[in-house]
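The values are calculated or read from the model by the stated rules, or taken from the named source; none is laboratory data. For clarity, every value in this text was computed on a predicted model and none was experimentally measured. Here Cβ is always computed from backbone atoms with ideal geometry, including for glycine, and neighbour counts include all displayed protein chains. Note: areas computed on protein heavy atoms with side chains; ligands, DNA, RNA excluded. Shrake-Rupley method; radii C 1.70, N 1.55, O 1.52, S 1.80 Å.
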Amino acid sequence: MIEIKRLTKKYGELLVLDEVTETIEDGEKVVVIGPSGSGKSTLLRCINCMEDPTSGSIYFEGEDLADMRVNINHARRHIGMVFQQFNLFNNMTVLQNIMLAPVTVAAEDRRAAARKNFVIRIKNLFRKEKLPLLPKGKTNAEAKAEAQKRALELLERIGLQDKANVYPSTLSGGQKQRIAIVRALAMNPKVMLFDEPTSALDPEMVGEVLDLIKRLADMGMTMVIVTHEMGFAREVGTRILFMDGGKIRESAPPEEFFNHPKNPRLKEFLSKVIS
């Protein structure tokens, strides 16, 4: 599903990702761990096209997202991203937050179809065999109704349907992060990226967010998760990556990774984070 080839990212003279090469298969739950500053979050941001690589390639379903000619907005529709700090819009209700992306995308598709149909009509003025027009797409009302139905279904699945019309400022940290996950799911993504989703939460709120991610994992969602939660990594990950100094130093299934680490730096790291 995702193939990364010699991905490099620099900020000036600072080398953050150093020719990273990795493949993430459909259905995998890849957990990325490592010390602060090792390049974990930057790797996710490059996959989601939030950062432009300095060099290298990121293939998602055959398209190189590092190629400036590729429509990255189209690719982003299929790659959900959940951040440390929730990134909910405080001036919108929970329901409006979840509906925003699907409604916006539907409007973009409608405008794109209108532009293309205008060109087709011009071409048809000079053709004997007329080119077919593209479907106009959903109306604004149709898009809103569909997005609302999907949002309410997702809220019900996580037990927060009673929060649909409240504002994020009234929610706990755990509730905000679960809403942020649902907002990403509203686009029906093919892969979900989690950037330390529990790091901003109080300890008692961590469990409810991790439980939701586990449920998504059990449903077969492809995931890449950056986390410091070692027990969670062992339980959910089908494969664990250890990053240090902008490189992937070790990759293995959880049992082998935690019980029989090979890389000396990984052994040192695990000795400090696992008591």
Subject >> Antiparallel %, DSSP beta bridges [both residues in the chain], to 5 >> reply: 55 percent
Subject >> Loop-located GluC sites (Glu not before Pro) in segment 57-145 whose Cβ has at most 15 other Cβ within 10 Å (DSSP) >> reply: GLU61, GLU129
Original post:
Alpha carbon centre of segment 24-89 versus segment 111-136: separation in Å?
Top reply: 35 Å
Original post:
Carbon and sulfur: what percent of the chain's accessible surface (1.4 Å probe)?
Top reply: 51 percent
Subject >> Rounded to the nearest 20 debye, dipole of the chain from Cβ charges on Lys, Arg, Asp, Glu >> reply: 1500 debye
Original post:
In whole percent, what relative contact order does segment 29-178 give with Cα contacts below 8 Å and a gap of six or more residues?
Top reply: 23 percent
**OP:** Sequence neighbours fewer than 8 away in the same chain don't count; with that in mind, list the lysines whose C-alpha is under 21 Å from LYS123.
**Re:** LYS136
Original post:
Quick one: accessible area per residue over the chain, 1.4 Å probe, rounded to a whole number of Å²?
Top reply: 52 Å²
**OP:** State to the nearest 20 debye the size of the charge dipole of segment 15-57 about its Cα centre, where the only charges are +1 on K and R beta carbons and -1 on D and E beta carbons.
**Re:** 220 debye
Subject >> Neighbour net charge for CYS46 - beta-carbon separation under 14 angstrom, K R +1, D E -1 >> reply: -2
**OP:** Give the relative contact order (percent, whole number) for the chain; include only Cα pairs under 8 Å separated by 6+ residues.
**Re:** 28 percent
Subject >> Of all DSSP beta bridges in segment 148-275, antiparallel share, percent nearest 5 >> reply: 50 percent
Original post:
Where the only charges are on Cβ atoms (+1 Lys, Arg; -1 Asp, Glu), what is the dipole of segment 137-184 about its Cα centre, to the nearest 20 debye?
Top reply: 140 debye
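Compute the Cα gyration tensor for the chain, then decide on rounded, prolate or oblate, letting a ≥ b ≥ c be the square roots of its eigenvalues: rounded whenever a/c is under 1.5, prolate when a/b is larger than b/c in the other cases, and oblate in all that remain.
Oblate, because a/c is 1.5 or more while a/b does not exceed b/c.
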Original post:
With Cβ to Cβ distances under 12 Å as the rule, what net charge do the other residues near GLY207 carry (K, R +1; D, E -1)?
Top reply: -3
Subject >> Label-point separation, TYR59 to ASN117 (7 Å along Cα→Cβ), nm >> reply: 3.7 nm
**OP:** Just need the relative contact order of segment 57-145 here, percent rounded to a whole number, with Cα pairs under 8 Å and 6+ apart.
**Re:** 22 percent
